[in-house]
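Note sheet for the following structure.
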Amino acid sequence: MDEDGHTASIFADAPEWDFAAISTPERYVAVHPGSAPHARVSLSMSALKQVKQVYLFIAGQKKLDVLNAALATKQKKNAISTLANDEGVKLDVYWCA
């Protein structure tokens, strides 16, 4: 997860957001985020939601703040919020300053 809330290369500013994060049952997706210098391949949100245990390792206060905001209120175009607020997802977070 980064400070913009993208997770597993699912970026809100990618033209594939609706496909990668919302609608596809496919396991892998190609994304072309505007905020990254190159295309990426990621697990889709549906694939991530099927993982029995999700581990999130983050460093820094800004990322912790982003995560806490994402957990407090489900945010529409925020990958970590979409994942963490899904009832079937078990998310373990490890943070360091």
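The values are calculated or read from the model by the stated rules, or taken from the named source; none is laboratory data. Owing to the predicted nature of the structure, the values given are computational and were not obtained by experimental measurement. Cβ coordinates were reconstructed from backbone atoms using ideal geometry, including for glycine residues, and neighbour counts include every protein chain displayed.
Data table
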| quantity | calculated |
| --- | --- |
| Residues satisfying the stated conditions in the stretch 41-60, i.e. farther than 13 Å from THR24 by Cβ and touching a helix residue (DSSP H, G or I) at 6+ places or on another chain (Cβ under 8 Å) | VAL54, LEU56, ILE58 |
| Set SER44, SER9: member being on the phi > 0 side of the Ramachandran plot, in contact with a strand residue (DSSP E or B) (Cβ under 7 Å, 6 or more places away or on another chain) and of a type in the set (S, T, N, Q) | SER9 |
| Verdict on ALA39 being surrounded by 16 or more Cβ atoms within 10 Å (Cβ to Cβ) and modelled with pLDDT of 95 or more | no |
| Every pair of residues 6+ apart whose Cβ atoms lie under 6 Å, when the first sits in the stretch 27-50 and is of a type in the set (D, E, K, R) while the second is part of a strand (DSSP E or B) | ARG40/VAL31 |
